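The values are calculated or read from the model by the stated rules, or taken from the named source; none is laboratory data. This one's a predicted model, so the numbers in the text were calculated from it and none came from an experiment. Cβ placement follows ideal geometry from the backbone for every residue including glycine, while neighbour counts extend to all protein chains displayed. Protein only, heavy atoms only, side chains kept; ligands, DNA and RNA dropped before computing areas. Shrake-Rupley method; radii C 1.70, N 1.55, O 1.52, S 1.80 Å.
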Amino acid sequence: MAERTRSFIHLWSWSKEQPQYRCQVPERLGCVFATADGAHCVAGAGSGKLYLWEVASGKLLYTWDGHFRPVTALAGTCADGFLLSAGEDAIINVWSFARLLGAAETAAP
């Protein structure tokens, strides 16, 4: 069964029984966070990497090294201006969503 060897994020719509999008990721994810408006989804991985998706399209926008050890928690501020990530490296990082989205635009082909 190929599903056991690959990792996916499934994005669901409340009105459908099947996932709206299915995004393959290169590694297993430990925690997931969605912005309050549902526009973006961020996931943390065992490698310390963070992944940012645009929910409407299911497109992976940006990947970056956030921690030296596995990411253990993700949270956002009230207005989704900032993303907080924590890891087994005992570090809590604060990321600006505006800067992450800007970096995603710069990195896009």
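Please report the accessible area of Asp89 (heavy atoms, 1.4 Å probe, ligands and nucleic acids excluded) in Å², nearest 10.
Around 30 Å² of this residue is reachable by solvent.
Compute the relative contact order of the chain as a whole-number percentage, counting only Cα pairs closer than 8 Å that sit 6 or more residues apart in sequence.
Values: 223 pairs, mean separation 18.3, N = 109.
Relative CO of the chain lands at 17 percent.
Among the GluC sites (Glu not before Pro) in region 8-109, which ones are in a DSSP loop with at most 13 other Cβ atoms within 10 Å of the Cβ? Mind listing them? Numbers along the way, then the final one.
Values: sites: Glu17, Glu27, Glu54, Glu88, Glu105; in loops: Glu17, Glu27, Glu88.
Here the GluC sites (Glu not before Pro) that fit, given the DSSP loop and packing criteria, are Glu17, Glu27.
If I build a Gaussian network model for the chain, linking alpha-carbon pairs within less than 10 angstrom, which residue out of Thr77, Thr63, Thr35 has the largest mean-square fluctuation?
Sorting by GNM fluctuation, first place goes to Thr77.
Specify the longest stretch of the chain that does not include any exposed loop site, a site being one of the trypsin sites (Lys or Arg not before Pro) with a non-H, G, I, E, B DSSP assignment and at most 12 other Cβ atoms within 10 Å. Walk me through the numbers on the way to the answer.
Working: sites that count: Arg6, Lys16, Arg28.
That would be 29-109.
Calculate, in nm to one decimal, what Ile91 and Arg28 gain on full extension: separation in residues at 0.36 nm each, minus their alpha carbon distance. Spell out each step's value before the answer.
Numbers: separation 63, 0.36 × 63 = 22.68 nm, distance 2.05 nm.
Taking Ile91 through Arg28 to full extension adds about 20.6 nm, to one decimal.
Taking amide H positions as placed 1.01 Å from N in the peptide plane, with prolines and chain starts having none, which residues 5 or more places from Ser7, or on another chain, fall under 5 Å of its amide H?
Val25
By accessible area of protein heavy atoms, probe 1.4 Å, what ranking do Ser47, Ser96, Ser85 get, highest first? Could the numbers behind the result be given before it?
Values: Ser47 55, Ser96 35, Ser85 0 Å².
From most exposed to least exposed: Ser47, Ser96, Ser85.
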